[in-house]
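The values are calculated or read from the model by the stated rules, or taken from the named source; none is laboratory data. For clarity, every value in this text was computed on a predicted model and none was experimentally measured. Cβ: placed from backbone, ideal geometry, glycine included. Neighbour counts: every protein chain shown. Each accessible area value is taken on the protein alone, full model and side chains, heavy atoms only, with ligands, DNA and RNA left out. Shrake-Rupley method; radii C 1.70, N 1.55, O 1.52, S 1.80 Å.
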Amino acid sequence: MIENEVQLISCPTCGRTQIDLIKIANEVEERLRSVHKPIRVAVMGCPVNGPGEAKNADIGIAGGKGCGLIFKKGEIVKKVPEEQLIDELFSEIERL
Ligand code: SF4
């Protein structure tokens, strides 16, 4: 991994996707431009396979019904309303 480079992983979406994944992934990508840390960030569409599929990520979100999960290192750490998901993700990224 290149020093201070963020890697963004997003799931390909499928029938289980529960959030507006493309829109959220685009916004996360935009906001990550001002983050300069050597981290992997995952944006996943569901809580079933999202954390597992992103287990190599340092931090990420997984969509749920009207809410989303924040996970770190493949473990769920917090559940937040969908509209707060991106802000919460970035609060956690600041703490990394
Ligand atoms: S993380 Fe969930 S929504 Fe995304 S592709 Fe995998 S199963 Fe589908």
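Identify all residues within the stretch 10-39 that are open to solvent by 20 Å² or more (accessible area, probe 1.4 Å), among the small types (G, A, S) and out of contact with any helix residue (DSSP H, G or I) (no Cβ under 9 Å at 6 or more places or on another chain); write none if there are none. Answer for the stretch 10-39, where residues must be open to solvent by 20 Å² or more (accessible area, probe 1.4 Å), among the small types (G, A, S) and out of contact with any helix residue (DSSP H, G or I) (no Cβ under 9 Å at 6 or more places or on another chain): G15, S34. Do you know which residues across the stretch 11-25 are within 6 Å of the ligand (Cβ to nearest atom) and either closer than 17 Å to I86 by Cα or not basic (K, R) (or both)? Those that are within 6 Å of the ligand (Cβ to nearest atom) and either closer than 17 Å to I86 by Cα or not basic (K, R) (or both): C11, P12, T13, C14, T17. The combined condition, being within 16 Å of the ligand (Cβ to nearest atom) and β-branched (V, I, T), is fulfilled by V41.
Scanning the stretch 40-54 for residues that are of a type outside the set (A, V, I, L, M, F, W, C) and closer than 22 Å to E5 by Cα returns R40, P51, E53. Residues of the stretch 47-64 that are in contact with a helix residue (DSSP H, G or I) (Cβ under 9 Å, 6 or more places away or on another chain) and closer than 13 Å to L21 by Cα: G60, I61, A62, G63, G64. Residues of the stretch 58-76 being closer than 21 Å to V6 by Cα and either over 10 Å from the mean Cα position of the chain (by Cα) or charged (D, E, K, R) (or both), which ones? The answer is D58, K72, K73, G74, E75, I76. Take the residues of the stretch 48-70 that are closer than 16 Å to V80 by Cβ and within 8 Å of the ligand (Cβ to nearest atom): which is modelled with the lowest pLDDT? Here the answer is G50. When you scan the stretch 79-96, how many residues do you find that are surrounded by 15 or more Cβ atoms within 10 Å (Cβ to Cβ) and either free of Cβ contacts under 8 Å to residues at least 40 places away in the same chain or in contact with a Phe, Trp or Tyr (Cβ under 7 Å, 6 or more places away or on another chain) (or both)? Looking only at that region, the number is 3.
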